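Following: one structure in structure tokens, then a few remarks.
Quick note: the coordinates plus some simple rules give every number you see, no bench work behind them. This is a predicted model, so every value here is computed, not measured. In this analysis, Cβ positions are derived from the backbone assuming ideal geometry, glycine residues included, and neighbour counts consider all displayed protein chains.
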């Protein structure tokens with residue numbers, strides 16, 4: 001392949017990536033639920049297969065039972081989370097009062113350390129508040145839009161999930177035919193590898209989320225932090241977002257602890273608890289449950305999460321890693337795209353061979 005053909009191919013690949021990103025950004029209300037349905041359908045395929053093939057339940061009924069089991073699981077998680085959130089909201093007046101006490105201490109420190117008068121601080125806070133609330137109609141519109149999106153997802157996602165699983169043979173047959181018979185075996189391998197990678201990754205991610213939530217809850221309970229279950233659940237869910245999620249969870253945990261009147265010793269123990277749980281997660285849970293399924297380096301992981309957040313908000317941050325894992329599987333199975341797959345991977349090339357180094361002799 002000459003240089004002009006290689007440059008043309010790279011240009012086409014980059015153009016396709018840009019078009020996909022633009023299409024996702026403008027069509028996210030439609031595309032995001034479909035992608036969620038596809039990923040969940042891949043994960044739930046073994047359940048459907050168990051019901052349909054092993055237990056000999058008719059396929060339509062097996063699909064309905066699979067979707068209902070998924071709805072029950074999600075509903076149970078949401079119910080438990082809502083219950084803890086309701087307990088937390090009921091104490092908001094007390095929490096607000098405690099935060100004002102800490103806020104006064106911060107103002108006192110700024111005045112005596114940075115010599116910024118109280119009036120200037122109050123003016124700055126007032127200006128920031130006015131700017132934030134300058135257009136209440138926009139805030140209300142965004143709130144209603146978010147609630148509508150959540151409600152639509154709750155109604156549309158189960159329907160899309162059922163349809164994706166029902167028409168799965170049709171989609172697979174289309175992929176095998178559209179690329180021709182000469183590539184049929186390669187496409188079959190890509191589909192199989194993608195299915196195994198997605199099932200292993202999402203199932204491992206779920207186990208990691210539950211384990212981290214349990215460990216963080218236990219740590220907060222031992223330390224004596226109030227709302228330890230809420231902080232643990234929040235940490236487990238946000239930990240699904242690589243690198244960024246745990247920082248958000250830690251910041252929220254610290255704010256909640258300050259609002260509940262935690263002293264300095266409790267705050268230090270809380271930070272230590274977050275650090276210990278993360279060490280366990282990064283060195284034991286993540287390598288054993290998730291990382292061996294999807295090997296994407298930190299640069300692409302962080303870039304993907306940020307890009308996903310900019311394109312589709314929180315949903316995009318959750319979907320970033322699975323989509324990148326799918327892309328990497330495709331790259332790894334196509335010869336002229338393998339360098340891109342290696343670029344996304346976490347295996348560094350060896351630049352120095354120690355056995356070839358001549359060490360100085362000591363007489």
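So the values come out like this:
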| quantity | calculated |
| --- | --- |
| Peptides ranked, highest mean first, by Cβ atoms within 10 Å: ranges 51-58, 38-45 | 38-45, 51-58 |
| Share of alpha-carbon pairs per 10 Å distance bin for segment 33-93, given as whole % | 21, 35, 23, 14, 7, 1 |
| Square roots of five times the Cα gyration tensor eigenvalues for segment 248-344, Å | 36, 17, 9 |
| Ranked by how many other beta carbons lie within 10 Å on average, peptides 215-228, 318-331, 170-183 from highest | 318-331, 215-228, 170-183 |
| Projected-area average for segment 1-58 over all orientations - Cα convex hull basis, square nanometres | 6.9 |
| Cα-based Rg and Dmax for segment 149-244, where Dmax is the largest Cα-Cα distance (Å) | 20.1, 64 |
| Cα-based Rg / Dmax (Å) for segment 182-312 | 17.8, 69 |
